[in-house]
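First up is the structure itself, then whatever we jot down about it.
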């Protein structure tokens, strides 16, 4: 703890600082809670998307043995080559003062293919694979969001701890010390005044 001046001006300065800390702390605590809530929600959303993605994959398997049949083809004819992501479009959002990515859409490359080289279900498979790719993009966007929010949460938590455990207790202790010192000074002045008065009385 830094040494402080035991004066009325310093006492006022410490009281002003304490007011500022106690006024700002609830805002930081609220921000911390908001960040924690959104991070938990984002993790839960990722798990939901993974479940839906698995259901989509299982759905493909249920209507045709895509992977079994596809694996027997040459690598050049793999259906995965027909679904290529060109761009992941994102916008920007704001959560508790943090700029975060918001998934908008996927843009796929237009890959031409010979219908005679693939079975009839290829169109349906391309749509399904596109949806699975969309889940991947959503999950990655949420992971990116979580990373940014967790960084801000660490900073906010450090500030909350600084105010709660250092700044506010320090200001209170400084105010207490200055108050005791000033009270002692006032008491000493009164005592000195009485002694001086007695001495003057004796002289007269």
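The values are calculated or read from the model by the stated rules, or taken from the named source; none is laboratory data. The model shown is predicted, which means the values in this text are computed figures rather than measured ones. Counting neighbours? That spans all protein chains shown, and the Cβs are built from the backbone with ideal geometry, glycine included.
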Within region 77-98, the residues that are in contact (Cβ under 8 Å) with a residue 40 or more places away in the chain, more than 19 Å from residue 59 (Cβ to Cβ) and surrounded by 11 or more Cβ atoms within 10 Å (Cβ to Cβ) are 77, 85, 88, 90, 95, 96, 98
For region 102-118 the number of residues that are more than 21 Å from residue 46 (Cα to Cα), modelled with pLDDT of 80 or more and surrounded by 12 or more Cβ atoms within 10 Å (Cβ to Cβ) is 1
With the first residue restricted to region 34-60 and required to be touching a residue at least 60 places away in the same chain (Cβ under 8 Å), and the second required to be outside any helix (DSSP H, G or I), Cβ contacts under 6 Å at 6 or more apart or on different chains are 34/96; 35/96; 38/95
Exception for residue 160 within (1) touching a helix residue (DSSP H, G or I) at 6+ places or on another chain (Cβ under 7 Å); (2) over 30 Å from residue 5 (Cα atoms) falls at (2)
All-but-one check, residue 11 against (1) modelled with pLDDT under 95; (2) surrounded by 15 or more Cβ atoms within 10 Å (Cβ to Cβ); (3) farther than 30 Å from residue 183 by Cβ, failing number (3)
Q: Check region 142-162 and report whether any residue there is assigned to a loop (DSSP other than H, G, I, E, B) and surrounded by 14 or more Cβ atoms within 10 Å (Cβ to Cβ).
A: no
Item to complete: Check region 82-97 and report whether any residue there is more than 40 Å from the chain's Cα centre (by Cα) and at pLDDT below 85.
Response: no
The residue from 167, 124 that alone is in contact with a helix residue (DSSP H, G or I) (Cβ under 9 Å, 6 or more places away or on another chain) and more than 29 Å from residue 8 (Cβ to Cβ) is 124
By residue number, the members of region 119-161 that are modelled with pLDDT under 95 and either farther than 16 Å from residue 52 by Cα or within 9 Å of the chain's Cα centre (by Cα) (or both) are 119, 120, 121, 122, 123, 124, 125, 126
Checked against (1) out of contact with any helix residue (DSSP H, G or I) (no Cβ under 6 Å at 6 or more places or on another chain); (2) at pLDDT below 85; (3) more than 30 Å from residue 146 (Cα to Cα), residue 70 satisfies every condition except (1)
Would you check if there is a residue in region 164-187 being more than 38 Å from the chain's Cα centre (by Cα), at pLDDT below 95, closer than 22 Å to residue 49 by Cβ and exposed (fewer than 15 other Cβ atoms within 10 Å of the Cβ)?
no
Restricted to region 29-45 and to residues being surrounded by 14 or more Cβ atoms within 10 Å (Cβ to Cβ) and more than 12 Å from the chain's Cα centre (by Cα), the residue nearest to residue 138 (Cα to Cα) is 45
In region 94-110, anything part of a strand (DSSP E or B) and touching a strand residue (DSSP E or B) at 6+ places or on another chain (Cβ under 9 Å) is listed as 94, 99, 100, 101, 102, 103, 104, 105, 106, 107, 108
